[in-house]
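Asks: Handing you a structure now.
Laboratory data are not the source of any read-out in this text; all were calculated from the coordinates shown. For clarity, every value in this text was computed on a predicted model and none was experimentally measured. Virtual Cβ from ideal backbone geometry, glycine too; neighbours counted across all protein chains shown.
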Amino acid sequence: MNITPLALTLGDAAGIGPEIVVKLHVAGLPAHCVVYGDAGALQRACSALNAPLRIVELVDVNAFNTYAEKAGCLFVRATSPALPANLPLGRVDARAGQSAYDALCLAIDDAMLGKVSAIVTAPLNKEAMHAAGLDFPGHTEILAQRSGTPHVAMVLVNDQLRVILTTTHIALSEVSPTLTQELELRTIELAQQACQVMGIAAPRIGVAGLNPHAGEHGKFGREDLDIIAPAIAKAQAKGINASGPWPGDTLFMRARNGEFDICVAQYHDQGLIPIKYLGIDQGVNITVGLPFLRTSVDHGTAFDIAGKGVADPSSLREAFTLALSLLKKKN
């Protein structure tokens, strides 16, 4: 029987990506996967960790099923050109940025063709990508552009909280001009969709205000009155159980206490601070709206500990496990 594996992207090879990917394989995977990235970086990580894995390079992911014996193998859909053996770890390098981008694009293309069942991503380094001339703020924007998906959103999940972001990687000064009733309504709808994918049929959606005290009836800005509240009303008219805007300083606590199934945050740090405060190693990032499933670690490339053998693969394991869980619910 042919197996459709998960795609696991290596991320920036100068960071902790190779190490956590190898550690995940050594600990044992609950499902088959193919790693997208530089084969040499994975081999060097295996050697540094004394990992008893055999690197198997695949020209096409369909070749995965030609291997009868898969135990002890780490299958790689390798990027080209190969990264140099002396690539410095823990430093920004344009070559690593380009390789990480190329690996992600390969995985997206294979996901669009149905060759992989989902994509799980290790961390990119935005500065390295920019050094390679790639003007993307992060994974989310690449995934959307490459797959031709106009509307996506980031959902951050741990065992205590779910948060979706209305705006993502933009300056704080750009948040207010970016917010529209259409964008707010679309994010609420994606929050509903995300929860239903996770098995919550009728989610309770709490929407955060943009301003302190949710604007306090216009005293601290008009966005909550003129943009967020009307979007919530439109969502309610569609049968969505959304409420707010609620003050951001208490909404996430209320959700953690069981009042809401998911929170809609208006900007990046409003949503990520409570998630990461609860434990960065357990957080998982899901991209909602794509034509395929994608989960990711909720941390960066950790250049300060790259190559030292101390990187914790917990978040990558959580992302892999959640992808499998969501696939089962979907099927």
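Asks: By count of other Cβ within 10 Å, fewest leading, how are HIS217, HIS169 ordered?
Replies: HIS217, HIS169
Asks: Greater than 23 Å separation of Cα atoms is the criterion. Which listed pairs, LYS115/LYS328; LYS219/LYS276; LYS115/LYS330; LYS23/LYS308; LYS115/LYS329, meet it?
Replies: Beyond 23 Å: LYS219/LYS276.
Asks: Could you pull out every one of the aspartates and glutamates with an alpha carbon less than 13 Å from that of LYS234, ignoring same-chain neighbours closer than 8 positions?
Replies: LYS234 reaches GLU182, GLU184, GLU189, ASP226.
Asks: Could you check the spin-label model distance between ALA201 and THR250? Points 7 Å from the Cα along Cα→Cβ, value in nm.
Replies: 3.2
Asks: Can you compute 3J(HN,Hα) from phi for each residue in the stretch 286-296, using the Karplus curve 6.51 cos²θ - 1.76 cosθ + 1.60 with θ = phi - 60°, rounded to whole Hz and x for Gly and Pro?
Replies: 10, 9, 9, x, 6, x, 9, 8, 9, 10, 8
Asks: Using only alpha carbon positions, build the gyration tensor of the stretch 1-147, then give the equivalent ellipsoid semi-axes as the square roots of 5 times its eigenvalues, largest first, whole angstrom.
Replies: 23, 19, 12
Asks: Each label point is 7 Å from the Cα along the Cα-to-Cβ direction; what then is the distance between the points at ARG54 and ALA94, in nm?
Replies: Taking the two extended label points, one gets 3.9 nm.
Asks: At q = 0.13 Å⁻¹, what base-10 log of I(q)/I(0) does the Debye formula yield for the chain when every alpha carbon is treated as an equal point scatterer in vacuo?
Replies: With no solvent term, the Cα-only Debye profile gives -0.94.
Asks: Which distance in Å, rounded to a whole number, links the C-alpha centroids of the stretch 84-136 and the stretch 227-253?
Replies: 36
Asks: Taking neighbour Cβ counts within 10 Å as the exposure measure, how do PHE303, PHE220, PHE320 sort from fewest upward?
Replies: PHE220, PHE303, PHE320
Asks: What does the convex hull of the alpha-carbon atoms of the stretch 159-278 project to on average, in nm²?
Replies: That works out to 6.8 nm².
Asks: Hey, got a sec? Which chymotrypsin sites (Phe, Trp or Tyr not before Pro) in the stretch 4-86 land in a DSSP loop and have at most 12 other Cβ atoms within 10 Å?
Replies: TYR67
Asks: While we're on this one: Cα axis of helix 268-277 to longest principal axis of the chain: angle in degrees, 0 to 90, nearest 10?
Replies: Helix 268-277 sits roughly 70 degrees off the main axis of the chain.
Asks: Another one. I'd like the distance between the alpha-carbon centres of the stretch 165-225 and the stretch 272-294, rounded to an integer number of Å.
Replies: 17
Asks: If you build a Gaussian network model of the chain, linking Cα atoms that sit under 10 Å apart, which residue out of ASP304, ASP224, ASP102 swings the most?
Replies: Highest fluctuation among the options: ASP304.
Asks: In addition: On a 0 to 90° scale, report how tilted helix 94-112 is relative to the longest principal axis of the chain, with both axes built from alpha carbons and the result rounded to the nearest 10.
Replies: Compared with the principal axis, the helix lies near 80 degrees.
Asks: To the nearest 20 debye, what charge dipole does the chain have about its Cα centre, counting +1 at the Cβ of each Lys and Arg and -1 at the Cβ of each Asp and Glu?
Replies: 740
Asks: Let me ask something else. Pairing the Cα long axis of helix 181-197 with the longest principal axis of the chain, what angle in degrees results, from 0 to 90 and rounded to the nearest 10?
Replies: Between the helix axis and the principal axis of the chain, the angle is about 60 degrees.
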